[in-house]
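Notes to accompany the following structure.
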Amino acid sequence: MSDLNTSAAGPADSADAADAAEKRRSERQIFYKKIDQYNLTPLWEQLHNLVTKTPVSDCRHAHWEYGKMRAYLAEAGDLITAEEAIRRVLVLENPGLRGKAAVTTSLYAGLQMILPGEIAPPHRHTQAALRLVLEGEGAYTSVEGEKTIMHRGDFVTTPSWTWHEHGNESDAPMIWLDGLDVPLVAMLDASFSEHAHEQKTPSAFKAAGDSKARFGSNLLPVDWVPPSPSSPLFCYPYKETLASLRTIAAGEADACHGYKLRYANPVTGGYPMPTMGAYIQLLTDGFATAGYRCSAGTVFAVIDGEVTVELEGASFTARPNDVFVVPSWARHWFTARGETVLFSFSDRPVQEVLGLWREQR
Ligand code: GTQ
(Lines give C-alpha, C1' and ligand atoms only; values in the text may rest on other atoms or scores of the structure.)
Protein backbone atom coordinates (compact mmCIF):
# COMPACT_ATOMS: atom_id res chain seq x y z
CA MET A 1 0.00 0.00 0.00
CA SER A 2 2.72 2.44 0.94
CA ASP A 3 4.42 1.77 -2.42
CA LEU A 4 1.23 2.75 -4.20
CA ASN A 5 0.94 5.91 -2.10
CA THR A 6 4.52 6.96 -2.87
CA SER A 7 4.24 6.41 -6.59
CA ALA A 8 0.96 8.27 -6.57
CA ALA A 9 2.52 11.34 -4.89
CA GLY A 10 1.62 14.35 -6.98
CA PRO A 11 3.45 17.66 -7.63
CA ALA A 12 1.71 19.21 -4.63
CA ASP A 13 3.24 16.63 -2.27
CA SER A 14 6.81 17.12 -3.52
CA ALA A 15 6.43 20.89 -3.23
CA ASP A 16 5.36 20.37 0.38
CA ALA A 17 8.44 18.17 0.96
CA ALA A 18 10.72 20.83 -0.54
CA ASP A 19 9.16 23.49 1.66
CA ALA A 20 9.65 21.32 4.73
CA ALA A 21 13.31 20.70 3.84
CA GLU A 22 13.91 24.43 3.30
CA LYS A 23 12.28 25.20 6.64
CA ARG A 24 14.52 22.65 8.39
CA ARG A 25 17.61 24.13 6.73
CA SER A 26 16.81 27.62 7.89
CA GLU A 27 15.93 26.40 11.40
CA ARG A 28 19.31 24.72 11.55
CA GLN A 29 21.13 27.89 10.39
CA ILE A 30 19.38 29.87 13.12
CA PHE A 31 20.35 27.20 15.65
CA TYR A 32 24.02 27.23 14.51
CA LYS A 33 24.15 31.05 14.89
CA LYS A 34 22.63 30.80 18.35
CA ILE A 35 25.09 28.20 19.70
CA ASP A 36 28.01 29.91 17.94
CA GLN A 37 27.71 32.76 20.47
CA TYR A 38 28.39 30.17 23.15
CA ASN A 39 31.49 28.78 21.33
CA LEU A 40 29.69 25.66 20.19
CA THR A 41 29.47 24.27 16.69
CA PRO A 42 27.68 21.26 15.18
CA LEU A 43 29.95 18.31 14.42
CA TRP A 44 27.70 16.93 11.71
CA GLU A 45 28.40 19.89 9.40
CA GLN A 46 32.14 19.07 9.33
CA LEU A 47 32.57 15.44 10.33
CA HIS A 48 33.58 14.50 6.77
CA ASN A 49 36.34 17.14 6.82
CA LEU A 50 37.69 16.06 10.19
CA VAL A 51 37.70 12.31 9.75
CA THR A 52 38.84 11.83 6.16
CA LYS A 53 39.25 8.47 4.45
CA THR A 54 42.90 9.27 3.71
CA PRO A 55 45.12 12.25 4.66
CA VAL A 56 43.89 15.60 3.32
CA SER A 57 46.59 18.25 3.66
CA ASP A 58 47.40 21.81 2.65
CA CYS A 59 51.01 20.59 2.26
CA ARG A 60 51.95 20.55 -1.45
CA HIS A 61 54.80 18.92 -3.27
CA ALA A 62 57.56 21.46 -3.78
CA HIS A 63 61.07 21.75 -5.24
CA TRP A 64 63.77 24.34 -4.48
CA GLU A 65 66.81 24.57 -6.76
CA TYR A 66 70.05 25.11 -4.91
CA GLY A 67 71.41 27.64 -7.43
CA LYS A 68 68.50 30.00 -6.79
CA MET A 69 68.53 29.55 -3.03
CA ARG A 70 72.28 30.07 -2.90
CA ALA A 71 72.09 33.32 -4.86
CA TYR A 72 69.45 34.66 -2.44
CA LEU A 73 71.52 33.51 0.55
CA ALA A 74 74.52 35.40 -0.85
CA GLU A 75 72.32 38.52 -1.07
CA ALA A 76 71.21 37.95 2.52
CA GLY A 77 74.90 37.77 3.43
CA ASP A 78 75.30 41.37 2.22
CA LEU A 79 72.24 42.54 4.14
CA ILE A 80 72.71 41.03 7.59
CA THR A 81 75.47 39.43 9.66
CA ALA A 82 75.04 36.03 11.32
CA GLU A 83 75.42 37.72 14.71
CA GLU A 84 72.69 40.27 13.95
CA ALA A 85 70.38 37.65 12.54
CA ILE A 86 71.17 35.16 15.38
CA ARG A 87 70.65 32.57 12.66
CA ARG A 88 71.00 33.71 9.04
CA VAL A 89 68.48 31.35 7.50
CA LEU A 90 66.13 31.43 4.53
CA VAL A 91 63.07 29.41 5.50
CA LEU A 92 61.74 26.97 2.93
CA GLU A 93 58.00 27.55 3.17
CA ASN A 94 55.69 25.01 1.67
CA PRO A 95 53.61 26.76 -1.03
CA GLY A 96 50.44 25.37 0.59
CA LEU A 97 51.49 26.57 4.06
CA ARG A 98 52.82 30.10 3.42
CA GLY A 99 53.30 32.26 6.50
CA LYS A 100 53.65 29.30 8.82
CA ALA A 101 57.40 28.63 8.57
CA ALA A 102 56.48 25.05 7.71
CA VAL A 103 57.95 22.85 4.98
CA THR A 104 55.46 20.10 5.83
CA THR A 105 52.54 20.35 8.25
CA SER A 106 54.72 19.28 11.20
CA LEU A 107 58.25 20.22 10.16
CA TYR A 108 60.42 23.23 9.34
CA ALA A 109 63.32 23.51 6.90
CA GLY A 110 65.76 26.32 6.28
CA LEU A 111 69.01 27.02 4.49
CA GLN A 112 71.61 28.50 6.84
CA MET A 113 74.80 30.30 5.84
CA ILE A 114 77.81 31.27 7.96
CA LEU A 115 80.50 33.39 6.34
CA PRO A 116 84.19 33.15 7.24
CA GLY A 117 84.87 34.61 10.67
CA GLU A 118 81.20 34.73 11.68
CA ILE A 119 79.63 33.24 14.77
CA ALA A 120 75.98 32.32 15.29
CA PRO A 121 75.72 32.79 19.08
CA PRO A 122 74.91 29.98 21.53
CA HIS A 123 71.32 29.23 22.49
CA ARG A 124 69.11 26.28 23.26
CA HIS A 125 65.47 25.52 22.64
CA THR A 126 62.98 22.71 23.04
CA GLN A 127 62.76 22.40 19.25
CA ALA A 128 65.12 19.69 17.99
CA ALA A 129 67.30 20.45 14.97
CA LEU A 130 69.14 18.42 12.37
CA ARG A 131 71.61 19.66 9.78
CA LEU A 132 72.69 18.32 6.44
CA VAL A 133 75.89 20.02 5.32
CA LEU A 134 75.58 21.18 1.69
CA GLU A 135 78.55 23.41 0.99
CA GLY A 136 81.84 24.32 2.59
CA GLU A 137 84.37 22.56 4.68
CA GLY A 138 85.71 23.19 8.12
CA ALA A 139 83.11 25.37 9.79
CA TYR A 140 81.76 23.97 13.02
CA THR A 141 78.67 23.40 15.06
CA SER A 142 79.24 23.11 18.75
CA VAL A 143 76.71 21.03 20.70
CA GLU A 144 76.90 20.88 24.51
CA GLY A 145 80.47 22.15 24.37
CA GLU A 146 81.62 19.69 21.73
CA LYS A 147 82.87 21.18 18.49
CA THR A 148 82.05 19.22 15.35
CA ILE A 149 83.86 20.21 12.17
CA MET A 150 81.41 19.86 9.30
CA HIS A 151 81.99 18.35 5.87
CA ARG A 152 79.59 18.13 2.93
CA GLY A 153 76.99 15.41 3.44
CA ASP A 154 77.54 15.15 7.20
CA PHE A 155 74.39 14.70 9.27
CA VAL A 156 74.56 16.69 12.52
CA THR A 157 72.00 16.66 15.32
CA THR A 158 71.09 19.27 17.91
CA PRO A 159 68.66 17.48 20.22
CA SER A 160 66.00 19.32 22.20
CA TRP A 161 67.39 21.66 24.89
CA THR A 162 71.07 21.19 23.97
CA TRP A 163 73.26 24.32 23.84
CA HIS A 164 74.55 24.96 20.35
CA GLU A 165 76.40 27.57 18.34
CA HIS A 166 77.89 27.71 14.87
CA GLY A 167 81.10 29.26 13.66
CA ASN A 168 83.19 29.44 10.53
CA GLU A 169 86.96 29.48 10.86
CA SER A 170 87.44 28.44 7.23
CA ASP A 171 87.88 30.86 4.34
CA ALA A 172 84.69 30.01 2.43
CA PRO A 173 80.95 30.28 3.13
CA MET A 174 79.41 27.29 4.87
CA ILE A 175 75.84 26.37 3.96
CA TRP A 176 73.63 23.66 5.37
CA LEU A 177 70.02 22.53 5.43
CA ASP A 178 68.31 22.87 8.80
CA GLY A 179 65.41 20.59 9.74
CA LEU A 180 63.48 21.38 12.91
CA ASP A 181 60.23 20.28 14.54
CA VAL A 182 59.11 23.91 14.92
CA PRO A 183 55.47 23.50 13.74
CA LEU A 184 55.01 20.35 15.82
CA VAL A 185 56.31 22.05 18.99
CA ALA A 186 54.14 25.10 18.23
CA MET A 187 51.10 22.86 17.87
CA LEU A 188 51.86 21.41 21.30
CA ASP A 189 52.48 24.89 22.84
CA ALA A 190 55.80 23.59 24.18
CA SER A 191 58.34 26.17 22.96
CA PHE A 192 61.00 27.26 25.46
CA SER A 193 64.37 28.86 24.70
CA GLU A 194 67.37 30.48 26.37
CA HIS A 195 70.25 32.56 25.06
CA ALA A 196 73.82 32.25 26.28
CA HIS A 197 73.78 35.38 28.43
CA GLU A 198 70.96 33.75 30.42
CA GLN A 199 73.00 30.56 30.78
CA LYS A 200 73.65 29.69 34.40
CA THR A 201 75.86 26.63 34.02
CA PRO A 202 78.02 26.89 30.90
CA SER A 203 78.44 23.54 29.20
CA ALA A 204 81.89 22.08 29.83
CA PHE A 205 84.37 22.11 26.98
CA LYS A 206 84.79 18.70 25.38
CA ALA A 207 87.41 17.48 22.95
CA ALA A 208 86.48 17.36 19.26
CA GLY A 209 85.09 13.91 18.48
CA ASP A 210 84.11 13.26 22.12
CA SER A 211 80.62 11.93 21.36
CA LYS A 212 81.91 9.76 18.52
CA ALA A 213 84.56 8.26 20.80
CA ARG A 214 82.09 7.54 23.57
CA PHE A 215 79.02 6.47 21.62
CA GLY A 216 79.86 6.01 17.94
CA SER A 217 82.50 3.28 18.04
CA ASN A 218 80.54 0.24 19.30
CA LEU A 219 81.51 1.26 22.82
CA LEU A 220 79.56 2.96 25.59
CA PRO A 221 80.74 4.68 28.77
CA VAL A 222 80.55 2.23 31.65
CA ASP A 223 77.51 2.81 33.92
CA TRP A 224 76.09 5.32 31.43
CA VAL A 225 72.32 5.81 31.57
CA PRO A 226 70.71 7.76 28.72
CA PRO A 227 69.67 11.19 30.08
CA SER A 228 67.21 11.71 27.19
CA PRO A 229 65.63 9.78 24.31
CA SER A 230 67.92 11.62 21.85
CA SER A 231 71.12 10.27 20.37
CA PRO A 232 74.24 11.21 22.37
CA LEU A 233 76.13 11.11 19.07
CA PHE A 234 75.99 14.54 17.37
CA CYS A 235 77.66 13.87 14.04
CA TYR A 236 77.24 11.11 11.45
CA PRO A 237 80.04 11.70 8.92
CA TYR A 238 79.08 11.31 5.27
CA LYS A 239 82.33 9.53 4.49
CA GLU A 240 81.22 6.61 6.65
CA THR A 241 77.57 6.76 5.54
CA LEU A 242 78.52 6.65 1.86
CA ALA A 243 80.87 3.73 2.47
CA SER A 244 77.99 1.82 4.10
CA LEU A 245 75.64 2.57 1.21
CA ARG A 246 78.19 1.47 -1.39
CA THR A 247 78.87 -1.73 0.49
CA ILE A 248 75.20 -2.74 0.73
CA ALA A 249 74.68 -1.73 -2.92
CA ALA A 250 76.41 -5.02 -3.81
CA GLY A 251 73.24 -6.72 -2.58
CA GLU A 252 69.66 -6.62 -3.77
CA ALA A 253 67.87 -3.25 -3.95
CA ASP A 254 64.49 -2.61 -2.37
CA ALA A 255 61.96 -1.98 -5.17
CA CYS A 256 60.61 1.20 -3.55
CA HIS A 257 63.74 2.61 -1.87
CA GLY A 258 66.83 1.29 -3.61
CA TYR A 259 69.34 1.02 -0.76
CA LYS A 260 67.95 2.95 2.18
CA LEU A 261 69.18 3.24 5.76
CA ARG A 262 67.97 5.25 8.70
CA TYR A 263 70.22 7.20 11.04
CA ALA A 264 70.10 5.53 14.45
CA ASN A 265 70.64 6.41 18.08
CA PRO A 266 73.54 4.00 18.79
CA VAL A 267 72.41 3.48 22.38
CA THR A 268 68.77 2.56 21.80
CA GLY A 269 68.64 1.66 18.11
CA GLY A 270 65.82 4.19 17.88
CA TYR A 271 65.76 7.46 15.99
CA PRO A 272 68.44 10.14 16.56
CA MET A 273 65.74 12.39 18.02
CA PRO A 274 62.19 11.48 19.06
CA THR A 275 60.44 13.93 16.74
CA MET A 276 62.38 13.48 13.49
CA GLY A 277 63.59 10.47 11.58
CA ALA A 278 66.44 10.93 9.10
CA TYR A 279 67.34 8.67 6.22
CA ILE A 280 69.96 8.17 3.55
CA GLN A 281 69.42 6.21 0.34
CA LEU A 282 71.41 5.27 -2.69
CA LEU A 283 69.87 4.71 -6.12
CA THR A 284 72.12 3.23 -8.75
CA ASP A 285 72.34 4.82 -12.21
CA GLY A 286 69.04 4.33 -14.06
CA PHE A 287 67.24 2.79 -11.10
CA ALA A 288 63.49 3.49 -11.19
CA THR A 289 61.59 2.96 -7.95
CA ALA A 290 58.20 1.27 -7.66
CA GLY A 291 55.38 3.59 -6.55
CA TYR A 292 55.41 4.28 -2.84
CA ARG A 293 53.62 6.42 -0.30
CA CYS A 294 53.53 6.79 3.46
CA SER A 295 51.70 8.95 5.95
CA ALA A 296 54.80 10.98 6.89
CA GLY A 297 55.31 14.05 4.70
CA THR A 298 59.03 13.96 3.84
CA VAL A 299 61.72 16.51 2.96
CA PHE A 300 64.44 15.25 0.60
CA ALA A 301 67.81 16.75 -0.30
CA VAL A 302 69.99 15.46 -3.12
CA ILE A 303 73.58 14.87 -2.06
CA ASP A 304 74.90 13.29 -5.26
CA GLY A 305 73.50 12.44 -8.67
CA GLU A 306 70.14 13.43 -10.09
CA VAL A 307 66.61 12.23 -9.47
CA THR A 308 63.46 12.70 -11.51
CA VAL A 309 60.45 12.73 -9.23
CA GLU A 310 56.91 11.98 -10.37
CA LEU A 311 54.02 12.69 -8.03
CA GLU A 312 50.56 14.25 -7.98
CA GLY A 313 50.58 14.42 -11.79
CA ALA A 314 53.77 16.53 -11.81
CA SER A 315 57.37 15.78 -12.62
CA PHE A 316 60.64 17.56 -11.80
CA THR A 317 64.33 16.75 -11.71
CA ALA A 318 66.31 17.45 -8.55
CA ARG A 319 70.09 17.95 -8.67
CA PRO A 320 72.79 18.16 -5.99
CA ASN A 321 71.76 20.30 -2.99
CA ASP A 322 68.20 20.76 -4.33
CA VAL A 323 65.48 20.22 -1.75
CA PHE A 324 62.03 18.78 -2.42
CA VAL A 325 58.94 17.78 -0.47
CA VAL A 326 56.76 14.70 -0.83
CA PRO A 327 53.51 15.31 1.10
CA SER A 328 51.81 12.72 3.27
CA TRP A 329 50.19 9.92 1.26
CA ALA A 330 51.37 11.26 -2.12
CA ARG A 331 52.41 8.28 -4.23
CA HIS A 332 55.75 8.98 -5.87
CA TRP A 333 58.27 7.46 -8.24
CA PHE A 334 62.01 8.22 -8.44
CA THR A 335 64.30 7.66 -11.42
CA ALA A 336 68.02 8.15 -10.83
CA ARG A 337 70.66 9.43 -13.22
CA GLY A 338 74.16 8.54 -12.13
CA GLU A 339 74.85 7.14 -8.68
CA THR A 340 72.32 9.12 -6.65
CA VAL A 341 72.31 9.71 -2.91
CA LEU A 342 69.25 11.21 -1.23
CA PHE A 343 69.00 12.45 2.34
CA SER A 344 65.52 12.78 3.85
CA PHE A 345 63.76 13.55 7.10
CA SER A 346 60.19 13.24 8.37
CA ASP A 347 58.00 12.98 11.48
CA ARG A 348 57.75 9.20 11.12
CA PRO A 349 59.05 8.55 14.71
CA VAL A 350 56.15 10.58 16.10
CA GLN A 351 53.60 8.77 13.97
CA GLU A 352 55.06 5.39 14.88
CA VAL A 353 54.99 6.00 18.60
CA LEU A 354 51.36 7.16 18.28
CA GLY A 355 50.46 4.11 16.19
CA LEU A 356 49.58 6.26 13.17
CA TRP A 357 52.29 5.59 10.60
CA ARG A 358 51.20 3.77 7.44
CA GLU A 359 52.77 2.97 4.11
CA GLN A 360 51.65 1.56 0.79
CA ARG A 361 53.98 -0.09 -1.64
O1 GTQ B 1 70.74 26.73 14.11
O2 GTQ B 1 69.87 26.98 16.07
O3 GTQ B 1 67.00 27.16 10.94
O4 GTQ B 1 67.49 27.90 16.29
C5 GTQ B 1 66.04 27.78 12.99
C6 GTQ B 1 66.17 27.97 14.35
C7 GTQ B 1 68.32 27.10 12.88
C8 GTQ B 1 69.78 26.98 14.85
C9 GTQ B 1 67.12 27.35 12.27
C10 GTQ B 1 67.37 27.72 14.98
C11 GTQ B 1 68.46 27.28 14.23
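Quick rundown of the values:
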item: Additional length obtainable on full extension of the chain from residue 51 to residue 222, 0.36 nm per residue less Cα span; result: 56.6 nm
item: Nearest-0.05 FRET efficiency for residue 60 and residue 285, computed from C-beta distance (R0 30 Å); result: 0.50
item: Gain in span if fully extended, residue 40 to residue 244, counting 0.36 nm per residue against the direct Cα distance; result: 67.8 nm
item: Pairwise centroid distance, computed over Cα atoms, of the stretch 144-184 with the stretch 17-79, Å; result: 35 Å
item: Electrostatic dipole magnitude of the stretch 93-139 [Cβ: Lys, Arg +1; Asp, Glu -1; Cα centre; debye, to 20]; result: 300 debye
item: Förster radius 22 Å - calculated FRET efficiency between residue 78 and residue 137 (Cβ-Cβ, nearest 0.05); result: 0.45
item: Reachable lysines from residue 34, criterion Cα separation under 20 angstrom, eight or more residues apart if same chain; result: 23
item: Selection from 62, 90, 79 lying farthest towards where the dipole of the stretch 37-120 points positive, charges on Cβ; result: 62
item: Contour excess over end-to-end distance, with Cα ends at residue 23 and residue 190 and 0.36 nm allotted per residue; result: 55.4 nm
item: Charge dipole magnitude, Cβ of K and R +1, D and E -1 - the chain, Cα centre, debye nearest 20; result: 500 debye
item: From phi via Karplus (6.51, -1.76, 1.60), per-residue ³J(HN,Hα) for the stretch 176-182 in Hz, x at Gly/Pro; result: 9, 8, 9, x, 9, 9, 3
item: Dipole magnitude of the stretch 293-361 about its Cα centre (Cβ charges: Lys, Arg +1; Asp, Glu -1), debye to nearest 20; result: 200 debye
item: Of 206/239; 147/212; 239/260; 212/239, pairs whose Cα-Cα distance is over 20 Å; result: 206/239
item: Within the accessible area of the stretch 89-144 (1.4 Å probe), percent carbon and sulfur; result: 56 percent
item: Positive-end residue of 233, 104, 46, charge dipole of the chain with Cβ unit charges; result: 46
item: Nearest-ten-degree value, helix 11-36 long axis tilted from longest Cα axis of the chain; result: 40 degrees
item: DSSP-defined antiparallel bridges as percent of all bridges, the stretch 129-270, nearest 5; result: 95 percent
item: Built amide H within the under 5 Å cut-off of residue 305, gap 5+; result: 341
item: Solvent-accessible area, 1.4 Å probe, carbon plus sulfur percent, for the stretch 293-361; result: 45 percent
item: Accessible surface, per residue, of the chain when the full set of protein chains is kept, probe 1.4 Å, Å²; result: 52 Å²
item: The chain, relative contact order in percent, only Cα pairs under 8 angstrom and at least six apart counted; result: 15 percent
item: Förster radius 22 Å - calculated FRET efficiency between residue 360 and residue 98 (Cβ-Cβ, nearest 0.05); result: 0.15
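The values are calculated or read from the model by the stated rules, or taken from the named source; none is laboratory data. Computed from a predicted model, the values in this text were never measured in an experiment. A quick note on method: Cβ atoms are made from the backbone with ideal geometry, for glycine too, and the neighbour counts reach across all protein chains shown. The area values use the complete protein model at the heavy-atom level, side chains included, leaving out ligands, DNA and RNA. Shrake-Rupley method; radii C 1.70, N 1.55, O 1.52, S 1.80 Å.
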